[in-house]
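The values are calculated or read from the model by the stated rules, or taken from the named source; none is laboratory data. Just so it is clear, the model here is predicted, and its values are computed rather than measured. Here Cβ is always computed from backbone atoms with ideal geometry, including for glycine, and neighbour counts include all displayed protein chains.
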Protein chains: 2
Amino acid sequence: MKMVRKILPSIIASAVFTTTGIAGAEDGFEDYRNRFEPLPYLPPIPTNNSLTEEKVELGNMLFFEPRISSSGVISCATCHNPALGWADRIPRAVGHEGQVGERNTPTVLNSGFLGAQFWDGREPDLEGQALGPIEAEVEMAMALETALDRLTEFELYQEKFADAYPDDEDPINADNLAKALATFQRTLNTPNSPFDRYLRGDISAISDQAKEGMVAFVDNGCIACHSGPAFTDSRFHAIQVPGSTDLGRYLVTGEESDKYRFRTPTLRNVAVTYPYMNNGATETLEEAVAIMGQEMLGREFDEATIDNITAFLHTLTGKMPDFEVPALP
Amino acid sequence: MKMVRKILPSIIASAVFTTTGIAGAEDGFEDYRNRFEPLPYLPPIPTNNSLTEEKVELGNMLFFEPRISSSGVISCATCHNPALGWADRIPRAVGHEGQVGERNTPTVLNSGFLGAQFWDGREPDLEGQALGPIEAEVEMAMALETALDRLTEFELYQEKFADAYPDDEDPINADNLAKALATFQRTLNTPNSPFDRYLRGDISAISDQAKEGMVAFVDNGCIACHSGPAFTDSRFHAIQVPGSTDLGRYLVTGEESDKYRFRTPTLRNVAVTYPYMNNGATETLEEAVAIMGQEMLGREFDEATIDNITAFLHTLTGKMPDFEVPALP
């Protein structure tokens, strides 16, 4: 567990070190560059779930814990696989007994920056999100009470929950499980991508082609929805991508106007979180850019524009976060 | 990949550092101690598959690669999970579409020291073993040709195979896949356990109870089969454990005398690789010791003997090996 204990100090040290950019350097794109924000080293932390080393360590264990699935072999890390951009790189998630879910697995990277969780935004925050996949019949298929009972059997979890929630008499409960998982996820960020370094003043951090892509991204209006540090407004927009009949947010609200609406996905690390769209039917970034042009903006991008935007999107791949493969009990 | 490149130098450095024991110290158990061998830092390396950094790195990637399974989510690391002693801690392996296999997943830790692979010894070495689970219908369920085609699609694998097998014109083939996986597995060793330190002369590395357990282990004849550095003779012995009708080695040879015979499992890290026996039906180490006494030795161990042997077995848990969660393409 030693490495986990080092995560917070290392985040702080990195932040101090790298926010000092090369101020003043200019390349003529200031008006465009000023439309963007670098990714902070940590997302907002909710007041009722402070970020502590103990919760990060516990959350890290739970994230890799397959015994809170009914088969005993599926953990959060099965679909949110750190080897695969913390997603799964298949079109739609495969879960309990090989069942295929309806949607593509979103990466958990930078998910603390999102204002709504899941493709349909059915949960507002990571605490709300964390328990969903455990109980979902097509994912881990485990009743929450059974999962908690299973954890309680292990002395090590009794200790780690007590360490993380020292004021709770009976700390192994659903709330605390969710809070620990959410806390761990809030450490899975990818700051300091080439584009972040560019925004901080290192004008050679991205190529001229990527800068042209940035211009196209702004001028064509991609930035209207893909805005803010995580490149998402966390709002819902109607889109029917090839092959999908998914009603999206309508399934949550029942409002006619929400049919086919989905939360804008983050574009951070988009180059390493293929395939794309809510149904994962789009394999390449170039295709995804073309489809978004057609469906959301009503434009047929020419090949050069697609290539430039794609080059720009590649600059959003940051440093993968530190974590530990835990020694589970 | 930087960490992987450090594995070999670190193995060598550790070996140099720790083989220098506290020579000469005596505790009166020399006659017992001399019956055992410390675990070397590396197992024997076959002459036709030299251990190179490039193969270790490639094998590490392949070990965590779920896209060589037909579901796209099962990798070697699913059942040989580094968080769970490189095994799965469930009775019988769960694989493709949630199918439950016939046998308990053996750990890959120190598997390079075994003279026969699988419970029934149907392969003599790790090269032979490596491809089995990819093709097995109840495990990864992927035709080998399809797996190789899938790997060939990724430029990164083309590079890494070429790096690992520089003399091969067409390096992505079944032989080289098996060799890389076997090479990686040969780095997954757990030397320097408390018992190894004890054998090297640090007489306080294990408790008095564990020493009593060592005596019982020798005097009762456990050591007859659980011998050598990995605590296995790699031979086949007949046993019918509770709940099992598995014919074992007979299914490989068809010889009547091989009915119910299984390869002696390693006892290295046995405390962290529960549950036990070929069908995984035995949950605790204490039960496992009692059953082995009854079935293999015809003895009813008293409680103190069981506790002592269990304490001894706990001293066989070594330092978990270095590895990297790879960044897959």
Boolean, B:Glu139 is within 30 Å of B:Lys319 (Cβ to Cβ) and more than 14 Å from chain A (Cβ to nearest Cβ): no
Failed item, numbered, when B:Glu37 is tested on (1) within 14 Å of chain A (Cβ to nearest Cβ); (2) of a type in the set (Asp, Glu); (3) touching a residue at least 24 places away in the same chain (Cβ under 8 Å): (1)
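Test A:Arg35 against the criterion of being in the same structural domain as A:Pro265 (by TED's automatic domain parsing) and of a type outside the set (Ser, Thr, Tyr), and give yes or no.
It is true that A:Arg35 is in the same structural domain as A:Pro265 (by TED's automatic domain parsing) and of a type outside the set (Ser, Thr, Tyr).
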Residues within segment B:50-91 that are within 10 Å of chain A (Cβ to nearest Cβ), among the hydrophobic types (A, V, I, L, M, F, W, C), part of a loop (DSSP other than H, G, I, E, B) and closer than 21 Å to B:Glu135 by Cα, tallied: 3
Which listed residue is β-branched (Val, Ile, Thr), in contact with a helix residue (DSSP H, G or I) (Cβ under 8 Å, 6 or more places away or on another chain) and in contact (Cβ under 8 Å) with a residue 24 or more places away in the chain, from A:Ile172, A:Ile203: A:Ile172
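Looking at B:Gly101, B:Gly85, can you tell me which residue is closer than 25 Å to A:Ile68 by Cβ and out of contact with any Ser or Thr (no Cβ under 7 Å at 6 or more places or on another chain)? First the steps, then the outcome.
Details: B:Gly85 fails: out of contact with any Ser or Thr (no Cβ under 7 Å at 6 or more places or on another chain).
Exactly one residue qualifies, and that residue is B:Gly101.
Per-residue answers, yes or no, for (1) away from chain A (no Cβ under 14 Å); (2) touching a residue at least 60 places away in the same chain (Cβ under 8 Å); (3) of a type in the set (Val, Ile, Thr):
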{"position": "B:Ser234", "(1), (2), (3)": "yes, yes, no"}
{"position": "B:Tyr276", "(1), (2), (3)": "yes, yes, no"}
{"position": "B:Asp302", "(1), (2), (3)": "yes, no, no"}
{"position": "B:Ala311", "(1), (2), (3)": "yes, yes, no"}
{"position": "B:Met320", "(1), (2), (3)": "no, yes, no"}
Yes/no for B:Gly121 being free of Cβ contacts under 8 Å to residues at least 12 places away in the same chain, at positive phi and out of contact with any Leu (no Cβ under 8 Å at 6 or more places or on another chain): no
Failed condition for A:Leu109, given (1) more than 19 Å from the chain's Cα centre (by Cα); (2) in contact (Cβ under 8 Å) with a residue 60 or more places away in the chain; (3) buried (at least 20 other Cβ atoms within 10 Å of the Cβ): (1)
Candidates B:Asn81, B:Asn60, filtered to the one that is under 16 Å from B:Ala327 (Cα atoms), buried (at least 22 other Cβ atoms within 10 Å of the Cβ) and either touching a helix residue (DSSP H, G or I) at 6+ places or on another chain (Cβ under 9 Å) or not assigned by TED's automatic domain parsing to the domain that holds B:Arg268 (or both): B:Asn60
Single unsatisfied condition, B:Thr47 versus (1) over 16 Å from B:Arg150 (Cα atoms); (2) within 14 Å of chain A (Cβ to nearest Cβ); (3) free of Cβ contacts under 8 Å to residues at least 12 places away in the same chain: (2)
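Yes/no matrix, rows are residues, columns are (1) more than 17 Å from B:Asn269 (Cβ to Cβ); (2) basic (Lys, Arg):
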position: B:Pro44; (1), (2): yes, no
position: B:Glu53; (1), (2): yes, no
position: B:Ile68; (1), (2): yes, no
position: B:Ile74; (1), (2): yes, no
position: B:Pro82; (1), (2): no, no
position: B:Arg92; (1), (2): yes, yes
position: B:Gly95; (1), (2): yes, no
position: B:Gly128; (1), (2): yes, no
position: B:Glu139; (1), (2): yes, no
Number of the condition not met by B:Ala180 [criteria: (1) within 17 Å of B:Val56 (Cα to Cα); (2) within 14 Å of chain A (Cβ to nearest Cβ); (3) hydrophobic (A, V, I, L, M, F, W, C); (4) not in a loop (DSSP other than H, G, I, E, B)]: (2)
